[in-house]
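Asks: Take this structure first; my questions come after.
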Amino acid sequence: MQIDTVLFDMGGTLEDIHYSDRVPEIIEGKMEEILGMSYGKIFPLGGGEFYSYLQKRYGEYRSFREKTCIEVHPAMVWNDWIFKDLSIPAELIFDNHEKLAYFWETEVIVRECRKEAPEMLEELKSRGIRMGIISNTGSFTQVHRSLEKYGMSHYFEKIGLSSDYGIRKPHGFLFRDMLGRMQSSAEKTLYVGDTLSRDVAGARNAGLYGSIQICSEFTKLSDGEGGGEYEPTYRIYSLSDIPRIVDDINHIN
């Protein structure tokens with residue numbers, strides 16, 4: 001058996017991610033900037049209380065999507081879940097839904113490319129390995145813009161986002177559809193991600209050759225203390241280990 005395709009998760013895998021501690025300081029100004037409303041009309045209390053409110057509402061949506069594997073359109077996420085009790089005109093939310101989603105995924109959540117990622121991707125490319133991305137994301141643009149920022153877009157043939165599909169990992173459809181788009185086969189594909197409940201389970205659900213887990217700060221938040229039902233085929237602590245794993249599978253010395 002020869003591995004010829006490696007698919008990647010984005011946040012927590014190709015990127016290190018963590019929650020920003022600056023959000024309470026900047027959120028009043030960001031909401032005014034995005035929505036074009038004075039902060040006092042958006043929320044009666046200060047930035048710290050507003051951030052706590054948003055986290056609670058976002059947590060409610062997160063519970064829903066984890067149970068259902070449904071990724072709701074970001075306009076509806078912000079209108080029906082996060083801002084549901086606030087007097088913000090729906091047209092403002094709908095017109096600015098991507099700005100809101102992008103803010104959440106790049107300023108509430110801080111992202112930085114793992115330092116070993118570019119060299120690892122170049123090594124896989126030199127071996128003729130085909131690559132793609134499957135990412136759970138509430139934004140239509142964040143993954144694309146982050147890859148451009150890191151100078152890594154050219155490594156990936158296809159990018160599959162839950163925001164585009166309306167379906168989230170671990171649902172196997174995302175993986176099967178990506179393999180169809182790339183004309184790759186499940187038995188020759190590895191998936192690399194940081195969670196058991198989404199990434200490892202998704203790879204198993206789609207019948208891939210195997211999965212590689214690399215832990216991130218968000219791994220326990222996503223998986224809980226129990227970790228999940230499945231175990232990865234390989235567990236690593238640096239992306240630099242991936243080319244070696246591929247070589248071992250393909251019996252390359």
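Asks: Assess whether Lys115 counts as being surrounded by fewer than 22 Cβ atoms within 10 Å (Cβ to Cβ) and assigned to a loop (DSSP other than H, G, I, E, B).
Replies: So Lys115 fits the description; yes.
Asks: OK, next. Go through the range 4-36 and give me each residue that's in contact with a Leu (Cβ under 9 Å, 6 or more places away or on another chain) and of a type in the set (Gly, Ala, Ser).
Replies: Gly36
Asks: While we're on this one: In the range 12-45, which residues are under 30 Å from Ile245 (Cβ atoms) and open to solvent by 20 Å² or more (accessible area, probe 1.4 Å)?
Replies: Asp16, His18
Asks: Please pick out the residue among Leu7, Leu100, Leu92 that is within 25 Å of Arg198 (Cα to Cα), in a helix (DSSP H, G or I), touching a helix residue (DSSP H, G or I) at 6+ places or on another chain (Cβ under 7 Å) and not aromatic (Phe, Trp, Tyr).
Replies: Leu100
Asks: When you scan the range 182-208, how many residues do you find that are among the basic types (Lys, Arg), touching a residue at least 40 places away in the same chain (Cβ under 8 Å) and in contact with a strand residue (DSSP E or B) (Cβ under 9 Å, 6 or more places away or on another chain)?
Replies: Keep residues of the range 182-208 that are among the basic types (Lys, Arg), which gives 188, 198, 204.
From what is left, the residues that are touching a residue at least 40 places away in the same chain (Cβ under 8 Å) are 188, 198.
When the remaining residues are screened for being in contact with a strand residue (DSSP E or B) (Cβ under 9 Å, 6 or more places away or on another chain), the result is 188.
Of the residues in that region, 1 qualify.
Asks: Return the residues of the range 132-157 that are basic (Lys, Arg) and more than 15 Å from the chain's Cα centre (by Cα); say none if nothing qualifies.
Replies: Across the range 132-157, the qualifying residue is only Lys149.
Asks: A further question follows. One residue is enough: does the range 23-42 have a residue meeting the conditions under 22 Å from the mean Cα position of the chain (by Cα) and closer than 30 Å to Leu208 by Cα?
Replies: Taking every residue of the range 23-42 in turn, none turns out to be under 22 Å from the mean Cα position of the chain (by Cα) and closer than 30 Å to Leu208 by Cα.
Asks: Inside the range 26-56, can you point out the residues that are of a type outside the set (Gly, Ala, Ser), at pLDDT below 90 and assigned to a helix (DSSP H, G or I)?
Replies: Result: Tyr39, Lys41, Ile42.
Asks: Further question on the same structure: List pairs: first residue in the range 1-19 and over 18 Å from Ala117 (Cα atoms), second residue of a type in the set (Gly, Ala, Ser) and surrounded by fewer than 24 Cβ atoms within 10 Å (Cβ to Cβ) anywhere in the structure, Cβ distance under 9 angstrom, at least six positions apart or on different chains.
Replies: Qualifying pairs under 9 Å: Ile3/Gly210; Asp4/Gly128; Asp4/Ser184; Asp4/Ser185.
Asks: Mind checking which pairs have a first residue in the range 143-159 that is under 22 Å from Ser184 (Cα atoms) and touching a residue at least 12 places away in the same chain (Cβ under 8 Å) and a second that is open to solvent by 80 Å² or more (accessible area, probe 1.4 Å) and assigned to a helix (DSSP H, G or I), Cβ under 8 Å, 6 or more apart or different chains?
Replies: Tyr155/Glu122; Tyr155/Lys125; Lys158/Arg181
Asks: I need the full set of residues from the range 67-89 which are touching a residue at least 24 places away in the same chain (Cβ under 8 Å), under 15 Å from Ser162 (Cβ atoms) and out of contact with any strand residue (DSSP E or B) (no Cβ under 8 Å at 6 or more places or on another chain), in order please.
Replies: Once the filter is applied, which keeps residues that are touching a residue at least 24 places away in the same chain (Cβ under 8 Å), under 15 Å from Ser162 (Cβ atoms) and out of contact with any strand residue (DSSP E or B) (no Cβ under 8 Å at 6 or more places or on another chain), the range 67-89 yields Val72, His73, Pro74, Val77.
Asks: When you scan the range 120-219 for helices (runs of 4 or more DSSP H) that lie fully inside it, which ones turn up with 3 or more residues that are surrounded by fewer than 20 Cβ atoms within 10 Å (Cβ to Cβ)?
Replies: Of the helices (runs of 4 or more DSSP H) lying wholly inside the range 120-219, those with at least 3 residues that are surrounded by fewer than 20 Cβ atoms within 10 Å (Cβ to Cβ) span 142-150, 172-182.
The values are calculated or read from the model by the stated rules, or taken from the named source; none is laboratory data. Quantities reported herein were computed from a predicted structural model and do not represent experimental measurements. Here Cβ is always computed from backbone atoms with ideal geometry, including for glycine, and neighbour counts include all displayed protein chains. What goes into the accessible areas is simple: the full protein's heavy atoms, side chains included, and nothing from ligands, DNA or RNA. Shrake-Rupley method; radii C 1.70, N 1.55, O 1.52, S 1.80 Å.
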